[in-house]
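What follows is one structure encoded as structure tokens, with my remarks underneath.
The values are calculated or read from the model by the stated rules, or taken from the named source; none is laboratory data. As the structure is a prediction and not an experimental result, all values here were calculated from the model. Note that we place each Cβ from the backbone using ideal geometry, even for glycine, and neighbour counts take in every protein chain shown. Just so you know, the surface numbers come from the protein's heavy atoms only, side chains and all, with ligands and any DNA or RNA stripped out. Shrake-Rupley method; radii C 1.70, N 1.55, O 1.52, S 1.80 Å.
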Amino acid sequence: MEQQSLKSKLSVVGKTTVDIIKLEGLHVWIKENHILDGIDVNIPKNKITCIIGPSGSGKSTLIRSINRINDDVDGITTQGNINFNGSSILTSDTDIASLRTQIGMVFQKPCVFPKSIKENVLFGIQHLKKLSKIEKLQLVEQKLKTVSLWKEVSHRLNDKAISLSIGQQQRLCIARTLAVKPEVILLDEPTSSLDPLSTRAIEDMMVKLKEEYTIVFVTHNIQQAKRIADHLIFLCDGKLIEQGSARAMFSCPQNSQTKAYLKDEYCAC
Amino acid sequence: MNRQLKNKLFTYATWIAVVLSTTILFFLFGVILWNGLPAIDLNFLTQASSNFGASGGIIYQIAGSVLMVLFSALICLPIAIGTAIFKSEYLISKKLHAIINTLIYSLNGIPSVIFGIFGLILFVNILGMGISWIVGSIILAMMILPTVTLSTYHSINSIPTIYRESSLALGLTKWQVIRKVLLPQGFSGAITGLLIGVARAIGETAPIMFIATAFSGVAFPSSFSEPVSTLPTHILALAQQATNPDALQNAWGSSLMLVTLVVLFSISALIFRLKHQTISKR
């Protein structure tokens, strides 16, 4: 009885937000391995959605399905549906390059191109549209300010990006993604190779960015999810165990597996 | 025998192998330098040959050799880059990879004289292109194609996947990723392979002797359909008149010039590779 009333309360909370992305019965196989097993989740607009779960639970495969970067993986089969702004993105006539300008992605390991800091910020956007010199400079300054990198690098924009620290490189990668002006930003464990200070900087940035963007954040760090998540998705062994508002899930998880995982980072599935 | 003694013996054995192989190289260079240097002076390098090569210089032979390998490089490069991109970025099936590898290695293993006969039959006889340097360039391009293709493939393929994914995730199309990310990085591998291929091609005699070269009466070509004279075929012709000491002297001089060109290309390849290391190795 208690559970049911809680569920209905949660659904009321859920209805106040718009879901920008909906996954319906998503199955993914890589060769014979069933990586995702019928996932139904929704990603609320202008919120931070954290995907948590033990390693090998399919978090990365899930997030990588949303911008179809998984398409090039050898032996992948996808079934089910992903809706973005109301239309399916898994059809064969989806313009994948244009989809990826709307759904940007930041990876676990920062990957800067062997170019200058400035060129790295502009790397994606300059292939999409012509920018004047002034527009370029404005964009670089604006995006580097957003990721709080401007003060550190404004005097050496033409230096090689590889000369930055790993934490700075990751922020540069985020700036590069923002420059393309996506609606959604997918982040696949973006802080797992960073020091605690850079990690905090990125977490604070996410909280600010959610006003403009929808953020999907994969993390194996439960404390991190607790700090930043609005919406929480818990995966284990390729199955969705539970999803809902982060506050509700952290305070009273519905599922015993979720409870065990949030408490001991252990999942018996 | 105890382990330490075995270890020592093995170390000595490898040392002997190194000394043997380098001695052979230095012996060869030494002999060529010793016999070739007296033949070389400014006249030898700047004049045309006369008296069936026994007197005069080798300017047209140098020009013919360089012209032919430069064009073979130009013909080979786009085909090699195209094959390498296809193999690295578009070909998923492991089976097809194995088949293509076998084909590339087979092409590399074909004896050079077979290329010559093939060129003679196809280009000179059937297509009626005549004995001309451009046919020689085409045949040499075929010969160095495997080296250049594999070198380009390895440098493109060794670029970590994250660079491809990072660019794709920014909304670049596959072709943009190839053009903006992979090719600039893979280009150094292509040039290194090309220089190694050219170093090999410039020394080839068998594939070009029936189809591209003439021994005497040849100047700098004014069209694609003329034969040229080249260093290796010149050496071959001079060696056949070994009883004439002047001809032999010029054969040594030409050999020294040829070896110098080969070494120049090889060293350029080495310098180029060291200067332009791909992102994967940083």
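Every condition in (1) surrounded by 15 or more Cβ atoms within 10 Å (Cβ to Cβ); (2) within 14 Å of chain B (Cβ to nearest Cβ); (3) among the polar types (S, T, N, Q) is met by A:Thr78 except one, and the failing one is (2). Against the list (1) closer than 17 Å to B:Ala169 by Cα; (2) open to solvent by less than 30 Å² (accessible area, probe 1.4 Å), the condition A:Leu144 fails is (1).
Reported count of residues in the range A:164-187, each being open to solvent by 10 Å² or more (accessible area, probe 1.4 Å), farther than 15 Å from A:Lys143 by Cβ and within 12 Å of chain B (Cβ to nearest Cβ), is 0.
Restricting B:Phe220, B:Phe210, B:Phe215 to those that are more than 14 Å from chain A (Cβ to nearest Cβ), at pLDDT below 90, within 23 Å of B:Phe118 (Cα to Cα) and out of contact with any Ser or Thr (no Cβ under 9 Å at 6 or more places or on another chain) reduces the list to B:Phe210.
Please verify whether the range B:186-201 includes one or more residues that are at positive phi and within 14 Å of another protein chain (Cβ to nearest Cβ). No, there is no match, as no residue in the range B:186-201 is at positive phi and within 14 Å of another protein chain (Cβ to nearest Cβ). One residue stands out among those in the range A:238-266 that are assigned to a loop (DSSP other than H, G, I, E, B) and crowded, with 18+ Cβ neighbours inside 10 Å: the one that is farthest from the chain's Cα centre (by Cα), which is A:Pro253. Condition check for A:His155 on (1) assigned to a helix (DSSP H, G or I); (2) at pLDDT 95 or above: one failure, at (2).
Give the range A:111-151 a look and list any residue that's facing chain B (nearest Cβ under 9 Å), in contact (Cβ under 8 Å) with a residue 24 or more places away in the chain and more than 14 Å from A:Pro182 (Cα to Cα), or say none.
The first filter runs over the range A:111-151 and keeps only residues facing chain B (nearest Cβ under 9 Å), leaving A:111-114, A:123-125, A:127-128.
This time we only want the ones that are in contact (Cβ under 8 Å) with a residue 24 or more places away in the chain, so: A:111-114, A:123-125, A:128.
A:Cys111, A:Val112, A:Phe113, A:Pro114, A:Phe123, listed by residue number.
Checked against the criterion of being touching a Ser or Thr at 6+ places or on another chain (Cβ under 8 Å), at pLDDT below 95, open to solvent by 10 Å² or more (accessible area, probe 1.4 Å) and in a loop (DSSP other than H, G, I, E, B), the range A:204-220 has at least one qualifying residue. Any idea which of B:Val113, B:Val124 is surrounded by 15 or more Cβ atoms within 10 Å (Cβ to Cβ) and of a type in the set (A, V, I, L, M)? One residue alone meets the criteria, B:Val124.
Considering only the range B:96-110, state which residues are open to solvent by 30 Å² or more (accessible area, probe 1.4 Å) and either more than 27 Å from B:Gln185 (Cα to Cα) or within 21 Å of the chain's Cα centre (by Cα) (or both). Let's see the steps before the verdict.
Step one: filter the range B:96-110 for residues open to solvent by 30 Å² or more (accessible area, probe 1.4 Å), giving B:96-103, B:105-110.
The answer is B:Asn101, B:Thr102, B:Leu103, B:Tyr105, B:Ser106, B:Leu107, B:Asn108, B:Gly109, B:Ile110.
For the subset of the range B:204-259 comprising residues that are assigned to a loop (DSSP other than H, G, I, E, B) and β-branched (Val, Ile, Thr), which member is nearest to the chain's Cα centre (by Cα)? Spell out the reasoning first.
Let us first name the residues in the range B:204-259 that are assigned to a loop (DSSP other than H, G, I, E, B), namely B:204-205, B:210-212, B:214-227, B:229-230, B:240-244.
Of the ones still in play, those that are also β-branched (Val, Ile, Thr) are B:205, B:211, B:218, B:230, B:243.
Working: B:Thr205: 12, B:Ile211: 18, B:Val218: 24, B:Thr230: 15, B:Thr243: 32 Å.
Among them, the one singled out is B:Thr205.
Of all residues in the range A:221-237, those satisfying the criterion of being among the aliphatic types (A, V, I, L, M) and either in contact with a Gly (Cβ under 7 Å, 6 or more places away or on another chain) or part of a helix (DSSP H, G or I) (or both) are A:Ile222, A:Ala225, A:Ile228, A:Leu232, A:Leu235.
Restrict the check to the range B:105-112 and report whether at least one residue is within 21 Å of B:Ala214 (Cβ to Cβ) and either touching a strand residue (DSSP E or B) at 6+ places or on another chain (Cβ under 9 Å) or part of a helix (DSSP H, G or I) (or both). Yes, the range B:105-112 has at least one match.
The number of residues in the range A:49-58 that are in contact with a His (Cβ under 9 Å, 6 or more places away or on another chain) and surrounded by fewer than 24 Cβ atoms within 10 Å (Cβ to Cβ) comes to 2.
Could you check the range A:94-104 and list, in sequence order, the residues that are open to solvent by 10 Å² or more (accessible area, probe 1.4 Å) and either more than 8 Å from chain B (Cβ to nearest Cβ) or not β-branched (Val, Ile, Thr) (or both)? If you could, list the steps in order and put the result at the bottom.
First, the residues of the range A:94-104 that are open to solvent by 10 Å² or more (accessible area, probe 1.4 Å): A:94-98, A:100-102.
Within the range A:94-104, A:Thr94, A:Asp95, A:Ile96, A:Ala97, A:Ser98, A:Arg100, A:Gln102 qualify.
Of all the numbered requirements in (1) farther than 25 Å from B:Phe265 by Cβ; (2) touching a residue at least 12 places away in the same chain (Cβ under 8 Å), B:Val113 misses one, and that requirement is (1).
Taking the range A:43-93 as the range and being without any contact (Cβ under 8 Å) to a residue 60 or more places away in the chain and assigned to a strand (DSSP E or B) as the test, the residues that pass are A:Ile76, A:Thr77, A:Thr78, A:Gln79, A:Gly80, A:Asn81, A:Ser87, A:Ser88. Taking the range B:166-184 as the range and being open to solvent by less than 30 Å² (accessible area, probe 1.4 Å) and facing another protein chain (nearest Cβ under 8 Å) as the test, the residues that pass are B:Ser166, B:Ser167, B:Leu168, B:Ala169, B:Leu170, B:Gly171, B:Leu172, B:Val181.
Here A:Asn46 clears all of (1) open to solvent by 30 Å² or more (accessible area, probe 1.4 Å); (2) within 22 Å of A:Gln169 (Cβ to Cβ) except the condition numbered (2).
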